[in-house]
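Let me begin by presenting the structure, written as structure tokens, before commenting on it.
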Amino acid sequence: MTKPYDLQSLIGTEIGVSRWITVDQARIDAFAEITEDRQFIHIDPVAAKATPFGGTIAHGFLTLSLASAMSYDAVKPLEGVVMGVNYGFDKLRFLAPVPAGSKVRGRFKLLSAEDKGGGRWLLKHELTVEIEGADKPALIAEWLGMQMVAGG
């Protein structure tokens with residue numbers, strides 16, 4: 001675990017890489033149902049084959065939603081952390097489609113760490129979601145998270 005006062009030395013460095021996560025058609029279909037986004041490029045392999053994608057692709061928001069699991073794999077919580085909360089994004093771009101059956105993983109770089117007082121630390125990470133075997137990432141984001149540290 002990182003001590004809050006050590007954060008400044010980590011700014012600008014890659015702090016972790018997640019495991020590969022498979023984005024198969026079953027996961028895409030389940031996401032389509034729960035979000036009610038049933039566009040054919042996600043759930044109809046026959047119709048999607050006739051598009052420039054050549055088959056079904058994951059929803060951009062499905063890929064983004066995997067960021068939490070990637071973060072649990074790759075980013076160590078601060079020493080004494082009580083909880084962390086999602087604080088939003090300063091930037092988010094979907095750069096390449098994720099074909100059904102692909103594997104993705106997240107790379108995390110610490111961009112900033114701001115002591116907000118009262119044991120609250122606002123952390124900004126650059127998240128790059130890679131697609132196994134692809135030249136271009138699926139997405140890149142500047143992700144904000146607030147960590148609350150006991151005794152702060």
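Odds and ends about this structure:
- Qualifying residue in segment 101-114 (condition: β-branched (V, I, T), surrounded by fewer than 18 Cβ atoms within 10 Å (Cβ to Cβ) and either in contact (Cβ under 8 Å) with a residue 12 or more places away in the chain or on the phi < 0 side of the Ramachandran plot (or both)): no
- Exactly one residue out of L127, L144 is crowded, with 19+ Cβ neighbours inside 10 Å and either closer than 22 Å to Q8 by Cβ or over 17 Å from the mean Cα position of the chain (by Cα) (or both): that is L127.
- I41 surrounded by 14 or more Cβ atoms within 10 Å (Cβ to Cβ), touching a Pro at 6+ places or on another chain (Cβ under 8 Å) and modelled with pLDDT of 95 or more: no
- The residues on offer are G117, G101, G55, and the sole one that is among the small types (G, A, S) and touching a Pro at 6+ places or on another chain (Cβ under 9 Å) is G55.
- Filtered residues of segment 16-34 (kept if out of contact with any strand residue (DSSP E or B) (no Cβ under 7 Å at 6 or more places or on another chain) and touching a residue at least 24 places away in the same chain (Cβ under 8 Å)): D24, Q25, R27, I28, F31, A32
- Applying a threshold of 6 Å to beta carbon distances and a minimum spacing of six or more residues, or different chains, the list of pairs starting in segment 132-152 at a residue that is within 30 Å of F53 (Cα to Cα) and ending at one that is surrounded by fewer than 19 Cβ atoms within 10 Å (Cβ to Cβ) and among the polar types (S, T, N, Q) reads P137/T128; I140/T128.
- Residue list for segment 122-151, filter: at pLDDT below 95 and in contact with a helix residue (DSSP H, G or I) (Cβ under 8 Å, 6 or more places away or on another chain): V149
- Some residue of segment 145-152 being β-branched (V, I, T) and under 23 Å from I43 (Cα atoms): no
The values are calculated or read from the model by the stated rules, or taken from the named source; none is laboratory data. A quick note: this is a predicted structure, and the numbers were derived from the prediction, not measured. Positions of Cβ are generated from backbone atoms using ideal geometry, with glycine treated the same way; all protein chains shown enter the neighbour counts.
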